[in-house]
Structure formats: C-alpha cells, structure tokens
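All of the numbers you see were taken from the coordinates with simple rules; none came from a lab. The structure presented is a predicted model; accordingly, all values stated were derived computationally and were not measured. Cβ placement follows ideal geometry from the backbone for every residue including glycine, while neighbour counts extend to all protein chains displayed.
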Amino acid sequence: MVEKQAKPSNQPKKFYITTPIYYVNDIPHIGHAYTTIIADSITRHKKLAGYEVYFLTGTDEHGQKIEKSAAEKGLSPLELADKVVGRFKQLWKELLINYDFFIRTTEPFHEKGIQEIFQRLKEKGDIYKGIYKGWYCVSCENFLAEDIPQDEDGLKTCPDCGQKANQVAEDCYFFRLSAYRDKLLTFYQQNPNFVRPPARMNEVVSFVRQGLKDLSITRTTVRWGIPVPGDPEHTIYVWFDALHNYLTGIGYGWNKELFAKFWPADIHLIGKDILRFHAIFWPAFLMAAGFPLPHCVFSHGWWLKDETKMSKSKGNVLDPSLILEDFGPDPLRYFLLREVPIGLDGNFSHEGFLHRVNSDLANDLGNLVHRTLTMINNYFQGNLNEVGDETSLDQNLQAAFEKAKSQVIAHYDDLAINRALEEIWVFVNQVNKYLAENEPWKIARRPEKRPRLARILYQAGCALRGIALLIYPVMPASATKIWEMLGEKTKLTDRHYDQFRFDGWEKGLRISPPKPLFPRVKLEDFIKGKKAQQPPPKKTPKEEKMEMISFDEFMKIDLRVGEILTVEKVEGTKKLYKIQVSLGEETRQMVSGIAEEYKPEDLTGKKVVVVANLKPAVIRGIESQTMLLAADVNGQAVIPFFIEDVPAGAKVR
C-alpha cells in the first residue's frame, strides 16, 4: 500500500515554542546553539505530528551591558546590536534553524507594546513609583537578594556570574510582585507541570513560599532602553522589556489574528540560570495584565567545558562555527541532543564528540546506508521492481520499526530527545542484525534466489526510509540525503507520522549511488580547529611518473582476506594498534597506525585486505607479520571493509 501525503487539516493543532532572546553584548556560543537546536528539533517533530507551529527566537538589545559593550567598541548600542544580530542569524542558518520569526527588542512594534502593557499595569495599581536602594549586577541586569553578605571591602558578589555588584539608590517604578505570592502558589499547585523538570519546580515553589518583595522595573541611570510612558527620565527594566517579547513576537499590538491563534505559549525553553525570571516574574506580569499563562517553562542544563560553566571571562567558550566548518550541522545537533538529558548539565569534550561522530554516525548509520544502497545498485542496478514474499524475519523488522516509531514519538513529545535517539539507534542495530541474519551477499550468488534477495534489500530500504523520518527532527540534512538517495520524488516533510507506512516505499524508484554521510575525523585534527587550516596534500609533480610493474611482479603480492580478532593499543603511542588477524588456517600479528581514526570496537570482527607475504618487521618492539591495506585520504587512513561475508584467508585478486 502506498502512503498518502500530508494534507492540511481544517482545524490543525497549534503549537507555540520560544527560546530566550539572546543578549547582544557578545557573539553566539555553544550554549545559545544548544537551546535553539532543541527548539528547532521540537518544532520539526511537531510539524511531522501534524501541528501548525510558531517558533520564536530573537535578541535582547537594551540595557546597561549593551551601553557599556558598545562604548568599549566605539559603536552606538544599535550599531553593536546590528552586528551581533547578523552573527546570530548566520549561525542559525548554518545550523538549519527554521524559526518563524526573529524578534528584536529595538523594533518599534515591540517598544509600543511594552509601553501599552506598562501603562495598563500602572493604571491598575500594580505599578507604582518609589525609591529603590540595593545592590545591582550590571552583568546580569539584576538586583541581588538582600541576604547576600558583603565581603571585607563592603561589596557584594553576584552569585550567578561572580562579578562585583554596584550599590544604587534611585527613583524607580515598582511592580507589586508581593501581591502575587498566593496566586502563584495556587497556580503552581493546579499546574504541576508548569515548570519542568520537577526539581526546578521545587526550587521555584520554595523561593515563592519564602515571600516576594516588590520588583524595581525602571532605571534613571540607563538611557539605552524603552522610555516609561509619560515619564521619559525612566527607562523600563530590561527583564520587564525582554520577557514581553513572547507576546509582541506573536502579534500583540500588530497582528490580533496571529496572537489569538497561538497565545498562550506551549513551551518557553530556557537555561536554568534564568528560571526565576520566567517561572516567577513572568507569570506574575501576565496575571496582572490579564493574559493566559504559558503551559510550560522547560529549564535545560548548561554545557560545561572542563566541568565548569562556559563563559567569556573564563576563556572556555566553544564557538560552534569552528565545529560546523569541519562537520556540518547534523553531527553537532546530534551530539548535543544525544549526549545528556535536556534537564541535566553536559560536559563537552573533543573525545566524546568524535566518538559519537565516528561510532554512532559514521559506523552505525553511515555504513548501514552505504552498504544497503551499494548492494541495491550492484545487484539490481539501483532499481527494485519485483520482490519476493515476506517471511517472519521481514515481518519482525517491520514490527520493530512500528515499535520504535511509537516510542520515539512519545520521547520527542516529552522532550526526552536523548531517549528518542537511543531508540532510533536500537532500531539501526536491528537493521544491521537483519542483514547479517539474511546474508544477502551470499544469496546474490544464487540466481534462483533473486526474488528473496530483492525482498531483503527492499526491507532494508524501507527501514532506512523509516530511520530518515525518525532522525529528521534532529538531523534534517542527513535525513533528507537518505530520503533522496532512496529515490523519493516528494519531500520527506510531505509525510506525517500517522500517515507514514513502513512498506510505503514505492517499488521501481531509481536508487542513487550512496555518498558518504559522515566523514571520519581524527582527534588531533579536531583539536587543532579546522581541517582547512591543515596544509594541503602534496601533489605528485607532473614530471614524476608512476613506476610500472609487470603482471608477474604483481602476482608475487599475496593479498588475503583477514578477519580482525583482537585490537590493543600499543603503550606509549597515539597511533599504533597491535592487532591479531585470522587468515583462515593461521593467525597473524600486525602493528598498524590507525588508532586515531578507528576505535577497537570499530575494528573487531571486521574483514579487511592484508598483505600476507610481507617480510616481518619489528615496530616498537613488536613483530608485525603482515600489513593492513587502507586508502590515504589527506593523511587519514580509510579502511575498505568487506560487506559480503567472505571467508578469512580467501585470496584477493
């Protein structure tokens, strides 16, 4: 049965997701990328689930920090904002972030909307004028709690960023936050999933129960901000300004239909350092103004480097652009969302990243795609027209996909994206096992088994098509490449989960020759930064001709199929492995410099080509009795593994 393409529903389900708006005093880093990748992946998932989605992101451009940073660079605040906004938009393009609207808090419609809400709350009595005395952190644009002790110099240190705070006393307008303590606690009780994960909700409830003090929401010493209506000597506190972007960005004050369609937000996705603003101040502002409250504030963890939070002052911020230049967007998106649950902190390491790329992506998924499409092209010239009947093994593979699909969708819905990816890779391994059990490379030698061979490869192709659907939210570029290599003429996004059939792959489509999805990269090259920074490979001078050998000379080389039995690192070296390899009737030992390209688990059990009659040599005190053949690609070893189950010791001619 051929599946139907997705058709717009008369009453599509709605979903509104936001990221924080990012401060423009510095360039975007891996933390910004993490939040936005999560939001983009959930957006893509919801669209596959049949939702009409609005995805909002943007930049926070007012405040004392912007004034200070701009002055240091000899720019006006708006000039600085314009430059940094360009960096954000370029990075989102490179990361395949498909947002619906990018809001800037310097846009006139936003300023007008903030002034309208401010005036409404002032007339209601929830905003009043007074005098504020306290300690203010310029870095965080936040007033410190009164119970933070002063140091020996009489100063206070911000607990969030570690910077010294300034003591201020000035006229300001206050928001009557104290009046909303009980209302907030009642709301939390009635909506236990408003803050997630649950541990964050416990923090919020505990803080509110201790009592809330009225919040200063204007400044007279900051000129770069939205003027208070009727009192332009005051500018509106950056957090009151910034939080309301979730209203103005969805149409408040400029598109009533859009606003009515999507508000309230389904998920505000934030970092845990701004939880208090979103889970306490923001719902209180909304209650005061009479707006429905969002459904969920989801607080994710931080990405750490060397077990500490990344920050510019510590010099440990990772620039995602460097990773993108070597790997493209999908490996970075995959690593960030696979490595840790969204609510927990993660530690970024070069070794961990490369293990995911080389093992999960290149070996597991990349090799599965490559060998499946290679066999379809080699055995059927890239065109599967007629296939044999299904067996129980074939049906089991389809059942495994349906189970995986159901679990993956549920995990995506729960924002447990790492678990969704784990389930997908369980299915990837099941497909690899299916091929190993059915041995299409052996069946290909028997012409009478051709229908069975076609069925096996058709099932594997259907599985790849299903994998493409399931990985699309996280890895849209790779999913699209797989989809197109399978010959599909329509877009992957024309399908919805509930309309997608495992056996919906149309027979007779022309299969493209496979192209590598995920290049393997050595650790030392990754640490250096860019492959492009490495010297180009040396070209053979034109006057130097390749030395020719006779057929008789070639026949002296005894090439054999070797099955790798064990792999051990040679102590004191970075590149060398000691490998035991079976040549059928005997086992040989060899030393090979491939440790930076391949992990031991990537090699064990694989079949390769070795030179069987090479004179033994002693390398680092170890006798090497044979030699492994590999391609030299810009100084990196790439080993040709056998797809077919050929016997160890077979001659290679």
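For trypsin sites (Lys or Arg not before Pro), the sites in region 208-305 that DSSP calls loop and that have at most 14 other Cβ atoms within 10 Å are K213, R223. Between D389 and F554, full extension at 0.36 nm per residue minus the direct alpha carbon distance yields a gain of 54.8 nm.
Ordering G162, V204, L373 by the projection of their Cα atoms onto the charge dipole of the chain, which places +1 on the Cβ of Lys and Arg and -1 on the Cβ of Asp and Glu, puts L373 at the extreme positive end. Given +1 at the Cβ of Lys and Arg, -1 at the Cβ of Asp and Glu and no other charges, the dipole of region 118-233 around its Cα centre is 540 debye to the nearest 20. Relative to the longest principal axis of the Cα atoms of the chain, the long axis of helix 476-485 lies at roughly 30 degrees. Computed about the Cα centre, the dipole magnitude for the chain is approximately 1120 debye when only Lys and Arg (+1) and Asp and Glu (-1) carry charge, each at its Cβ. Would you mind pulling out the separation of the Cα centroids of region 118-135 and region 430-463, in Å? With region 118-135 and region 430-463 each reduced to a Cα centre, they are spaced 72 Å. Selection among Y128, P516, H244 by position relative to the dipole of the chain gives P516 as farthest towards the positive end (Cβ unit charges, Cα centre). Residue separation of D345 and E601 scaled by 0.36 nm, minus their Cα-Cα distance, works out to 89.4 nm of gained length. Karplus-derived 3J(HN,Hα) values for region 230-236, using 6.51 cos²θ - 1.76 cosθ + 1.60 with θ = phi - 60°, are x, 8, x, 5, 9, 10, 6 Hz; glycine and proline are entered as x. Positive-end ranking of W263, A279, L397 along the dipole of the chain, with charges on Cβ about the Cα centre, is headed by L397. Only DSSP H runs of four or more residues enter the estimate; each adds -39500 (n - 2.57), and after division by the residues of the chain the mean residue ellipticity at 222 nm equals -11500 deg cm²/dmol. The simple spin-label model puts a point 7 Å past each Cα toward its Cβ; for F102 and L629 those points are separated by 5.1 nm. As a length-normalised measure over Cα pairs under 8 Å and 6 or more apart, the relative contact order of the chain settles at 13 percent. The ranking of C161, C140 from fewest to most other beta carbons within 10 Å of each one's beta carbon is C161, C140. Please return the longest stretch of the chain lacking exposed loop sites, where GluC sites (Glu not before Pro) count only if DSSP places them in a loop and at most 10 other Cβ atoms lie within 10 Å. Free of exposed loop sites, the longest segment is 308-542. Each label point was placed 7 Å from the Cα along the Cα-to-Cβ direction; for A179 and E72 their separation is 4.0 nm.
Between amide H atoms placed 1.01 Å from N, distances below 5 Å from V570 occur with L576, Y577, K578, all of them 5 or more places distant or on a separate chain.
In summary, the aspartates and glutamates within cross-link reach of K651, defined as a Cα separation below 12 angstrom excluding same-chain residues under 8 places away, comprise D558.
Legend note: in the chain, cysteines whose Cβ sits 4.7 Å or more from every other cysteine Cβ are C161, C172, C296, C462.
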